[in-house]
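Down below is the structure, laid out as structure tokens.
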Amino acid sequence: MASAARSASRAFLRSTPATSSFRPAARSSRFALPSQSLRTSARRGYASEAGSGKSSSGGIWALGLAVAGGAGAYFYLNGEPKGPFVPTKDDYQKVYDEVARLLADETDYDDGSYGPVSVQFHQKPMRKEFTDADSSQHQVLVRLAWHASGTYDKETGTGGSNGATMRFAPESDHGANAGLKIARDFLEPVKAKFPWITHSDLWTLAGACAIQELGGPQIPWRPGREDKDVAACTPDGRLPDATQGHRHIRDVFYRMGFDDRESVALIGAHALGRAHTDRSGFEGPWDFSPTVFSNEFFRLLVEEKWNQRKWNGPAQFTDKSTSTLMMMPTDLALVKDKAFKTHVDRYAKDSDAFFKEFSESFVKLLELGVPFQSKPEDRYVFKASE
Ligand code: HEM
């Protein structure tokens, strides 16, 4: 089933027009993965090395045995203490690979990707019942990285990805975070295997990994986040409420420091996954290929007619052609508001522009509130899997 879905995903990507200088994530062949390895000829390799001095010692430390987790952990080589473990780019690539491997092990995850098979290639669209398989760990990892970072308030410098405070109540119980325990739990074995990484670095790295593994753009990433305790939990209400309109979107995204263009680009992540009645109350996916990163969310926003769904749930909209997709009020606000719509139109036509601008905005999102010692040019570009 998964392989059928993979073929569908490949066909979908082949049918997606754009190719450009801004490439999807480069892929390595260290292990086979079920994700979309299309849009080949991607640039390979890493961005500039973070702290080149660190790299030389990293190999030695990596041979050592960790005796304690977290920053400052001491490593032992042949019984001799060798000083604090300083992870290198290669160590973080190992974390990336482990997340990608666990995602690949999810045999059912892309079961529901019916991309081109139904509406695009059949005259009569087949109605499809969307299931949990339409959104699984990949998409929920993207949502975790976003919710961990999107609490940032630029005025007070509070919230953001530096802290991983969603580990604690009350933040874990905030309505907006419903369903994210699945993602946090999914990453715990990775944390156990690499105890030196902080939760906040791990969650953001996993979000970057999920985007790349779903055929999205490269997401350059750098470490440096520290976990905080319960006292740093953010107040409820910082994440957007999908029942609202354009003013609310601007209130929330401007508070984080984004402009219109960046806000629209970020919300384009709704090409992925779906809403669940038992999490947000909303139901369904935004497009026909919820396991492939694409500009389909924008194309459908512009080209499809969206009618209010008649159902016993929150106000949401459904596509006229198949009645299988959905948009939430905040999604439709992107075409109702003139300034937002300029970007929606652009992204609907130009997948390359979307990939590039999404990547830049997502990198910025994942770094909100982090007092990095490193420079932006020190970011790593991880190799994605084949
Ligand atoms: C106005 C802004 C936004 C609102 C109101 C919003 C709201 C929501 C809601 C209600 C869901 C459904 C959750 C569920 O029931 O499982 C959802 C899912 C999702 N959101 Fe957003 N979101 C916004 C922006 C973003 C951004 C900026 C990103 C990432 C950059 C993002 C990524 C996702 C993903 C990947 C899912 C699917 C999760 C899954 O399949 O489990 N969203 N969003």
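Where a number appears in this text, it was derived from the coordinates with a stated rule and is not lab data. The structure presented is a predicted model; accordingly, all values stated were derived computationally and were not measured. A quick note on method: Cβ atoms are made from the backbone with ideal geometry, for glycine too, and the neighbour counts reach across all protein chains shown.
Residues whose amide H comes within less than 5 Å of that of Gln244, counting only those at least five positions distant or on another chain, are Thr330 (H built at 1.01 Å from N in the peptide plane). The distance from the alpha carbon centre of segment 332-386 to that of segment 142-169 is 18 Å, rounded to a whole number.
When peptides 178-187, 258-267, 210-219 are sorted by average Cβ neighbour count within 10 Å, with the highest value leading, the order is 210-219, 258-267, 178-187.
Selection among Leu300, Leu214, Ile267 by position relative to the dipole of segment 196-318 gives Leu300 as farthest towards the positive end (Cβ unit charges, Cα centre). Measuring nothing but alpha carbons in segment 142-292 and taking Rh as the Kirkwood radius, the Rg to Rh ratio lands at 0.94. Label sites at Asp259 and Ser172, each approximated as a point 7 angstrom past Cα along Cα to Cβ, lie 4.0 nm apart.
Please report the equivalent ellipsoid semi-axes of segment 233-274, computed as sqrt(5 x eigenvalue) of the Cα gyration tensor, largest first, in whole Å. Each semi-axis is √(5λ); the values are 17, 14, 11 Å. Applying the Karplus relation 6.51 cos²θ - 1.76 cosθ + 1.60 with θ = phi - 60° to segment 191-197 yields 3J(HN,Hα) values of 4, 5, 6, 10, x, 6, 7 Hz, where x marks Gly and Pro.
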